[in-house]
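Okay, structure first, notes after.
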Amino acid sequence: MFGLWPHQAEAAGLARHGRNVIIATGTASGKSLAYQVPALNSVLDGGTALYLTPTKALAADQLRALEALDVPGLRAAAYDGDTPYEERAWIRRHANYVLTNPDMLHRGLLPGHARWSGFWRRLRTVVVDECHGYRGVFGSHVAQILRRLRRVCTRYGSSPVFVLASATAGDPGAFAMRLTGLETAEVTTDTSPRGSITFALWEPPLTDLRGEGGAPVRRPAAAETADLLADLVLGGTRTLAFVRSRRAAESVALSARARLSDLASDAASRRPPASGTVPAASVPGTDPADPVDPPGPTSGTDPDAGGPTSGTDPDPVDPPGPTPPALTDLSGKVAAYRAGYLAEERRGLERALRSGDLLGLATTNALELGVDVSGLDAVLIAGWPGTRASLWQQAGRAGRAGQDALAVLVARDDPLDTYLVHHPQALFGRPVEAIVLDPGNPYVLGPHLCAAAAEIPLTEEDLEIFGPTSKEVLASLVDDGLLRHRPTGWFWTRRERATDLADIRGSGGSPVQVVELSTGCLLGTVDESSAHTIVHTGAVYLHQGETFLVTELDLEAGVALVEAGTPDYTTFARDVTEISVLESFRSQALGPGELHFGAVEVTRQVVSYLKRRLQSGEILGDEALDLPPRTLHTRAVWWTLPASAVSPLAEAGLDLGGAAHAAEHASIGMLPLFATCDRWDIGGVSTELHADTGLLTVFVYDGHEGGAGFAERGFARAFEWLTATREAIASCECERGCPSCIQSPKCGNGNDPLDKAGALRLLAVLLSMDG
Ligand SMILES: [Zn+2]
Ligand SMILES: [Zn+2]
């Protein structure tokens, strides 16, 4: 039926023989065909298929792709929050290929399983697409939802094959097993052809601006990216720039256009290229010695329109080669792309990029959702995207069939980005990171055991599906009066819906609703603990790349009111934290000190927020907040040093508190490299003398109730993690500490005290290094 690459055929073949399989390959490698083939085979054999994806937009794209295949007998339908009620009954009864998301599975399909009995009975294939998104607490919830799905299938006599598709991930088989609870074969070889990519690591220069404590501030990654984008477009290089927010996408596109206009009006005296300190590799098409052809197809675009334009060329066949440098104003060839575009707008954008009507595009990674713009000459990435996997995914947009391409990572002003641009070996020639999740977290497991019991009463045999901790968690659910234990099993006997107990996109607790003031529209929910940090009054809140300002956080009502806005600053909540050790689960020697992983109680209070200007990174102010302290039971990794190791340092005049505090900040900044989390998922405490350990102690803890697996990962890789932390501090060129090394924007103590040289000494002692 289809021509398949070998890796697609291998995955399809495994699934056909009843093996669960995860396909973990780069972008543009045709993953969808690899899972569509077994799923469509199930349908053609008279069975059904379930397709899961993290977002509605991806499901809509997938549905379009399926319909285009025109397979006889296929009745595919998306079933999500947008599906009209009148269509739902038809889908339940007749569809044989249902596309949905974990949220809908959790709240709709599983609790209402009886109405889907025909679908479950014939279910042969479950596709879990984009499964690298299921990490941390969200991933742990999805893992439990998939276990509930397996249990419901068993009830209806089916045992579907799971086919998972992921961006490249470390140890994909082990991850798939954690996610589904099933033995899973892995297909990782990417056999689709591609050219080579030249990778440049770009560090923006320090500016004359001064931030907190007089520290120097680097030029923001977005400003540097705009200049690079303009320079590449000027060379006729088709370039995509990835930025964090929709607002940043717009400002990068605007700045690039302004620069191009300036260059055109000032063509005789061309400006020097952007001011990064790491030289970029040669860029295809920018060599001034290239023969100069007339400019490419005329654009017919309104240079002021901003958005993508559909090409005027009625039949753009083969893309023309890179347009050579021209002295004409190229500002009309740069646009911004953001979420929410209609399908035809996206197709127009693809056409314009292919035809050369558009040469530069600044975008949030909303682009990941449905625009096919592989085949560019260059990709700019403003700030570390979080994982090597997503770095390669974004960089993989560059490079037309077999042709070489350029990718540039532009560093942001933080320790991790600084470390990476100075340590290319941390990026290249390394396996991509494993995806971290912890389905056994009792705060995640509990609500899903309730939901499962509400679906079908739980029996002893079911406990195996939910893992070794489920027995203990069930007992506490019975004690709390949530479940009843009878001789035949565990029952949900309450009136409420059990699924309301789990807020799968947050971290348990009662979520705060984020509501747009002018429209009354519910934008999403944030769990209560994160609410203090993310949607406090005055916060700049990003939602799907759009910027909002929080006008009020009402904790009593559980609502954060927001308004769309375009502030020229970002905000960082600052908290003060106390921590106590409940239990050390594991410990080992580390240099002269000790390393622990265990349970802690954290008391955290968000006390103020910092405003930082977007364009310059300048600190605009620190505004006080009045929020109650919160107690968090979570997991932490911590290290201690005995007095015998630290007193010589103190005698040498080193500020132990400042050194430990600096090491803590930098290590929080670096943990995401080892544990696949955001620095906002974790927190830290450092002290010269901790009451529970009686020693100098630095803690790093999971910022989610019950833990999320990040601190555990830090424990497992502590030596590498702390070595990298020390190198990050050492490689920053600042004198006494700055946001690129030891300052943290969320420090509740105003980054005081901090001792950069002391942190280097302290970590050297801990790691038994000379220094
Ligand atoms: Zn620094
Ligand atoms: Zn701090």
Q: Starting from the amide H of residue 748, placed 1.01 Å from N in the peptide plane, find each other amide H under 5 Å away whose residue is 5 or more places distant or on another chain.
A: 575
Q.
In whole Å, what are the extents of region 441-571 along the principal axes defined by its C-alpha atoms, from largest to smallest?
A. 61, 28, 21
Q. When ligands, DNA and RNA are left out and all protein chains stay put, how many square angstrom of accessible area per residue does region 709-771 have with a 1.4 Å probe?
A. 38 Å²
Q | Positive-end extreme of charge dipole, region 392-469 - chosen from 428, 458, 445 (charges on Cβ) | A | 428
Q. Could you name the aspartates and glutamates in cross-link range of residue 471, using Cα to Cα under 12 Å and dropping any fewer than eight places away on the same chain?
A. 460, 461, 462
Q: Within region 544-578, find all residues whose amide N lies under 20 Å from a label point positioned 7 Å from the Cα of residue 618 along Cα-to-beta-carbon.
A: 566-572
Q | Within region 574-724: Cβ-based charge dipole about Cα centre, in debye rounded to nearest 20 (Lys, Arg +1; Asp, Glu -1) | A | 380 debye
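Let me spell out the model: positive unit charges on the Cβ of Lys and Arg, negative unit charges on the Cβ of Asp and Glu, origin at the Cα centre of the chain. What dipole size does that give, in debye rounded to 20?
Values: 67 positive and 93 negative charges, 443 e Å.
Rounded to the nearest 20 debye, it is 2120 debye.
Quantify, in whole percent, the carbon and sulfur part of the accessible surface of the chain (1.4 Å probe; protein heavy atoms only).
Values: 15430 of 30580 Å².
Here it works out to 50 percent.
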Q. Taking region 521-582, which GluC sites (Glu not before Pro) meet the DSSP loop condition and have no more than 15 other C-beta atoms within 10 Å?
A. 556
Q.
Can you find, among 504, 521, 533, the residue sitting farthest towards the positive end of the charge dipole of region 504-602, where Lys and Arg contribute +1 and Asp and Glu -1 at Cβ?
A. 504
Q. Taking only DSSP H segments of four or more residues, each worth -39500 (n - 2.57), what value at 222 nm results for the chain once the sum is divided by all its residues, to the nearest 500 deg cm²/dmol?
A. -9500 deg cm²/dmol
Q: Please work through the chain and write down the cysteines that have no neighbouring cysteine Cβ at a distance under 4.7 Å.
A: 131, 153, 450, 521, 677, 747
Q) Of 9, 557, 543, which is farthest on the positive side of the dipole of the chain, counting Cα position, with +1 on Lys and Arg Cβ, -1 on Asp and Glu Cβ, and the Cα centre as origin? A) 9
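Can you give the accessible area per residue of region 580-677, in Å², using a 1.4 Å probe? Don't skip to the end; give the middle numbers.
Working: 3680 Å² over 98 residues.
The answer is 38 Å² per residue.
For a quick check of your reading of the filter: which chymotrypsin sites (Phe, Trp or Tyr not before Pro) in region 551-623 sit in a DSSP loop and have no more than 15 other Cβ atoms within 10 Å? Walk me through the numbers before you get to the answer.
On the way: sites: 569, 572, 585, 597, 609; in loops: none.
Loop-located and lightly packed - none at all.
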Q: Give the distance, in whole Å, between the Cα centre of region 646-693 and the Cα centre of region 604-639.
A: 17 Å
**Q.** Cα centroid of region 57-73 to Cα centroid of region 451-529, whole Å
**A.** 33 Å
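Compute, for region 191-231, the length of the dipole vector about the Cα centre, with Cβ point charges of +1 (Lys, Arg) and -1 (Asp, Glu) only. Units Debye, rounded to 20.
Values: 4 positive and 6 negative charges, 32 e Å.
Computed about the Cα centre, the dipole is about 160 debye.
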Q) At what distance in angstrom do the alpha carbon centres of region 152-229 and region 109-134 lie from each other? A) 26 Å
Q | Anchor residue 611: lysines whose Cα lies under 28 Å away (excluding residues fewer than 8 positions away in-chain) | A | 746, 756
(Q) So, for region 51-140, what is the accessible surface per residue at a probe of 1.4 Å, expressed in square angstrom? (A) 40 Å²
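The values are calculated or read from the model by the stated rules, or taken from the named source; none is laboratory data. Just so it is clear, the structure is predicted and the values come from calculations on it, not from any experiment. No Cβ is skipped: glycine too gets one built from the backbone with ideal geometry, and neighbour counts run over all protein chains shown. Quick note on the areas: whole protein, heavy atoms, side chains included, nothing else; ligands and nucleic acids left out. Shrake-Rupley method; radii C 1.70, N 1.55, O 1.52, S 1.80 Å.
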